[in-house]
């Protein structure tokens, strides 16, 4: 009985400290292994974890232009065969919305925050977003493409954000 009380207390404290009313365990996970497109050197790993009705995205990307921002998007097709990333198609947009910043309510499901490279050309990102799932359904990231662009996303130009060429590509796969 004492162990059960301590466990309940630990959950309550964690919920209070982290502002989380739920004690649910994370759900399905997907991973994307970014590979450089032809003539580029950008690589990295990105994980997608279902957390309730949202998806936590954690990215670790290397080989970017130092000190620069880079557009970062989920694309329609999980196909990196073209060498330039164009085989992934357009942004993942099952809701038929306009391109916008990921904080906007009306946006493509595939609109992600820019990757901000440090002085060594490395970027880390951790964010939780709605409009996506790792589980099944029309908003699932499984089998989609993931693209890193050379330039920053202006979050205005339709339908892509004017992010320039695709410098890294991956297929998002269930783990």
_Qualifying residues in the stretch 62-78 (those that are touching a strand residue (DSSP E or B) at 6+ places or on another chain (Cβ under 7 Å) and under 20 Å from residue 154 (Cβ atoms)) - the one surrounded by the most Cβ atoms within 10 Å (Cβ to Cβ)_ = 72
_So, residue 105, is that one at pLDDT below 95 and farther than 24 Å from residue 41 by Cα or not?_
yes
*If you check 45, 49, which single one turns out to be in a strand (DSSP E or B), surrounded by fewer than 18 Cβ atoms within 10 Å (Cβ to Cβ) and either modelled with pLDDT under 95 or touching a strand residue (DSSP E or B) at 6+ places or on another chain (Cβ under 8 Å) (or both)?*
45
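The values are calculated or read from the model by the stated rules, or taken from the named source; none is laboratory data. Nothing here was measured: the structure is a model prediction, and the numbers come from that model. Backbone-built Cβ (ideal geometry, glycine too); neighbour counts: all protein chains shown.
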